[in-house]
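S.K.: Just passing along the structure, written as structure tokens.
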Amino acid sequence: MADSPMTLSEHLSTQQAALSTEHARNVAAVLGRIGRVAAVIAQELAHAALRDQLGYVGGANATGDQVKKLDVWGHETMVSALRETGACAALVSEEAADPVEMRAGGTHALVVCADPVDGSSNLDVNGSVGTIFSLKPSRGKSPAGPAALGAGTDQIAAGYVMYGPATTLVYTVGRGTHGFTLAPETGEFLLTHPDIRIPKRGKTYGINEGNVNAWHPGQRAFVEYLKTKDKASGRPYSLRYSGAMVADVHRTLLDGGLFMYPADWSDPAKPKPKLRLLYEVAPMGLLVEQAGGRASTGFERVLDVVATEYHQRAAVILGSPEDVAMADEFYRR
Ligand code: AFP
């Protein structure tokens, strides 16, 4: 019989060399706790229809999205779990206008940015959803929330959980990107996808093509190129899009290709991106880069974009390095 796979907590201890000792302890505490929260969220999602937990609360969140019951529940569950670690100084969440400050102080405490239930419009149709998270050093600031701002290169860890047919947790502390699958019998995440390497090129692209008329001309020309038949370069690419970033990025990480959410350029003087930088775009950028891929806004590397607001939005084109490089070229033309 094959050796039993490594658990998430065992794996976290192998990654400590990438971090300072105090950070390593805190990162392991926070990531381990996010894993436990994920197992609870997976359970709740499985029972949501039975417990009358589907549907809207009524009202919009800080970024104007309609709030679902599970968005609120996920946020509250995440807040209390992170508070208990004693390692987290603040949480920037999609579901709160301002950072939720916590007790932990000291230069090694962490600020977490998270979207506890991302893709929640998929919930009522039993589609995949996810949790996305990013960890930054608080640097002893009080209040700690502002430490979440700045560039994506400041992230010391990032990851997501995908609630699909199986529950998968993927994370990085800057030493590769690693994937785990939840064993429901034990509630333990087991290493099933060590050191994920994204293919240099893919065969699929994911984008909400209903928005085509609002895209930058370079984006339109690039998607047209992907759809144009050319056997030698493996075109046309196939379109795959779920409406949940986690599911689309997960497929892209494993199979290669592209996930894109470009800005709305209807008013070229004021392009309007949709996805949130701190808890969607930047963490996915770090995960994809750590797997050998690229993440760009079309104009610059995602990780170089500086957040000046908690719920700032950014465009994203991420995936296989050669495919993303090609997209950037179309934006430059
Ligand atoms: P919701 O959480 O409101 O469902 O939004 C999900 C999301 O932020 C991201 O996960 C998807 O990739 C993207 O929005 C889908 O947006 P469109 O519905 O505009 O394609």
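S.K.: Which Cα, out of LEU70, GLN155, VAL306, lies furthest along the positive dipole direction of the chain (beta carbon charges, K/R +1, D/E -1)?
M.R.: VAL306
S.K.: First select every other residue whose beta carbon is under 15 angstrom from the beta carbon of ALA247; then total the charges, Lys and Arg +1, Asp and Glu -1.
M.R.: For residues surrounding ALA247, the net value is -3.
S.K.: May I ask what percent, to the nearest 5, of DSSP beta bridges between residues of the stretch 48-127 are antiparallel?
M.R.: 45 percent
S.K.: Determine the calculated [θ] at 222 nm for the chain from helices alone, applying -39500 (n - 2.57) to every DSSP H run no shorter than 4 residues and normalising by the residue count; nearest 500 deg cm²/dmol.
M.R.: -9000 deg cm²/dmol, from helical runs alone.
S.K.: Going by Cα centres, the stretch 224-241 and the stretch 37-55 are how many Å apart?
M.R.: After rounding, the separation between the Cα centres reads 38 Å.
S.K.: Could I ask something else about it? Cross-link partners among lysines for LYS227, C-alpha distance below 20 Å, same-chain residues fewer than 8 apart left out?
M.R.: LYS200, LYS203
S.K.: If you don't mind, another one. Report for the stretch 6-142 the percent antiparallel among DSSP-assigned beta bridges with both residues inside it, nearest 5.
M.R.: 70 percent
S.K.: What's the FRET efficiency of PHE299 with ASN208 using the Cβ-Cβ distance as r and R₀ = 22 Å, to the nearest 0.05?
M.R.: 0.65
S.K.: Right, another one. Rounded, prolate or oblate, given the Cα gyration tensor of the chain, with a/c below 1.5 counting as rounded?
M.R.: Because its axes are fairly even, with a/c under 1.5, the chain counts as rounded.
S.K.: Then there is this: Whose amide H sits under 5 Å from the amide H of ALA96, counting only residues 5 or more places off or on another chain, with H placed in the peptide plane?
M.R.: Answer set, sorted by chain and number: ALA62.
S.K.: Of GLY164, THR186, SER266, whose Cα points farthest to the positive end of the dipole of the chain (charges on the beta-carbon: +1 Lys, Arg; -1 Asp, Glu; origin at the Cα centre)?
M.R.: Checking the options against the dipole of the chain, the answer is SER266.
S.K.: Placing one identical point scatterer on every Cα of the stretch 1-43 and ignoring solvent, what is log10 I(q)/I(0) from the Debye formula at q = 0.29, 0.30 Å⁻¹?
M.R.: Ignoring solvent entirely, the Cα scatterers give -0.96, -0.99.
S.K.: What does the charge count near GLY176 come to, summing +1 for each Lys or Arg and -1 for each Asp or Glu among other residues with Cβ under 10 Å from its Cβ?
M.R.: +1
S.K.: May I pose another question? Fewest first, what order do ARG36, ARG240 take by the number of other Cβ atoms within 10 Å?
M.R.: Placing the least packed residue first, the sequence is ARG36, ARG240.
S.K.: Restricting the count to DSSP beta bridges whose residues both fall in the stretch 191-314, what percent are antiparallel, rounded to a multiple of 5?
M.R.: Around 50 percent of the beta bridges assigned by DSSP in the stretch 191-314 are antiparallel ones.
Where a number appears in this text, it was derived from the coordinates with a stated rule and is not lab data. Note that the structure is predicted; figures quoted are calculated from it, not measured. Heads up, the Cβs are rebuilt from the backbone with ideal geometry, glycines too, and the neighbour counts pull from every protein chain shown.
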